[in-house]
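Since the structure comes first, as structure tokens, the remarks are kept for the end.
The values are calculated or read from the model by the stated rules, or taken from the named source; none is laboratory data. Just so it is clear, the structure is predicted and the values come from calculations on it, not from any experiment. Reconstructed Cβ throughout: ideal geometry from the backbone, glycine too, with neighbour counts over all protein chains shown.
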Amino acid sequence: MSLVESLDEAVRNRRHEVSETVAKQYHTSVRAVLASADGKKPRIIGSCMLLRLDGRNYVVTAAHIADELDANALYISGTVGAEIVQLVGVIRKTAPPPGGRGRDKIDIAFWEIDTQKIQALGDVVFIGESQFSMNRAPLKNRLYLAAGYPFSRNKKNVNNIAKSIKPSLSKYTAELTEDPAVAQEYGVSGTQHLFLKYQKFSETGSGEKQKTFSPVGLSGGPLIDLGNFASPERYVAGAAVTGYIAGMTIELIRKYNVLVAVRTQVIVEAIRLRETPDQARQRG
């Protein structure tokens, strides 16, 4: 057996190491969103991020998830040992364009959360502005991580009989595509979005081929910039491992096998300007 690590193995191992480390760093900041029509049988319907902006704390998710308020109460999951917390109050979200929410290319919803509810969530951590990426660096050769709570991997993680909720965070790592045909297909310029390649098969940390999980449920979760993997600095032993929030996943374009994320700067602008005219008040 060879003790010499090949270049391909070194790249794969470093990518895996960085992905695992950053996912753990953000685990308590990425929460599952649950819906319940009767308050007794919650089900996971998506993901959300906990962001701190201008000294205020927000739960941020996709507007199409917040639309579930029309027929359900919504909750977010806490850390281990904490209960789910109901979203009560005003949730601001982008207004659906003519033709319905399916044509909303921004798809942002946010809710300012108070101290009492934050404490009820347990040991959660809010992502601060120093951890935001404004996506100013060239996108080429950068690696990104999409994280959240896909349905396919959480079907057994909500036990309504035992009243146990243990959502499992999943992650997918890949490069972006800058193919203008993708933005054209989506009907946008590309300046407000990022497009992550989402292949049917992916590699495990050991290089084994596996079927990629269905992304349904990742909406509302972060897209994290892991850095430029063409740079030798990314492979220096003992180098600090960091990741920055580049955007929020909102949709899958099946024709091109890409996940669509709205960029962080768009989310920040929406929150600061409060330019989301459509508001939904949680029942209860």
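Summed over the range 138-179, residues that are at pLDDT below 90, part of a strand (DSSP E or B) and within 19 Å of Phe213 (Cβ to Cβ) total 1. Of note, Ser47 satisfies the criterion of being of a type in the set (Ser, Thr, Tyr) and in contact (Cβ under 8 Å) with a residue 12 or more places away in the chain. All conditions but one from (1) within 15 Å of the chain's Cα centre (by Cα); (2) at positive phi apply to Asp54; the one that does not is (1). Condition first: of a type outside the set (A, V, I, L, M), out of contact with any Lys or Arg (no Cβ under 8 Å at 6 or more places or on another chain) and surrounded by 13 or more Cβ atoms within 10 Å (Cβ to Cβ). Now tell me which residues in the range 76-109 satisfy that. Of everything in the range 76-109, those that are of a type outside the set (A, V, I, L, M), out of contact with any Lys or Arg (no Cβ under 8 Å at 6 or more places or on another chain) and surrounded by 13 or more Cβ atoms within 10 Å (Cβ to Cβ) turn out to be Thr79, Glu83, Gln86, Lys93, Thr94, Arg101, Asp104, Lys105.
The set of residues from the range 69-102 being in contact (Cβ under 8 Å) with a residue 60 or more places away in the chain and among the basic types (Lys, Arg) comprises Arg92, Lys93.
Quick grid of which residues meet (1) in contact with a helix residue (DSSP H, G or I) (Cβ under 9 Å, 6 or more places away or on another chain); (2) outside any loop (DSSP other than H, G, I, E, B); (3) under 30 Å from Tyr186 (Cα atoms); (4) at pLDDT below 95:
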| position | (1), (2), (3), (4) |
| --- | --- |
| Tyr26 | yes, yes, yes, no |
| Ile44 | yes, yes, yes, yes |
| Tyr58 | yes, yes, yes, no |
| Ala82 | yes, no, no, yes |
| Pro96 | yes, no, yes, yes |
| Phe110 | yes, yes, yes, no |
| Ser130 | no, yes, no, no |
| Met134 | yes, no, yes, yes |
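Of everything in the range 196-246 that is in contact (Cβ under 8 Å) with a residue 40 or more places away in the chain and of a type in the set (D, E, K, R), the residue that is farthest from Arg31 (Cα to Cα) is Arg234. Kindly indicate whether any position in the range 260-275 is at pLDDT below 90 and either closer than 21 Å to Ser47 by Cβ or not basic (Lys, Arg) (or both). Yes, the range 260-275 contains a residue that is at pLDDT below 90 and either closer than 21 Å to Ser47 by Cβ or not basic (Lys, Arg) (or both).
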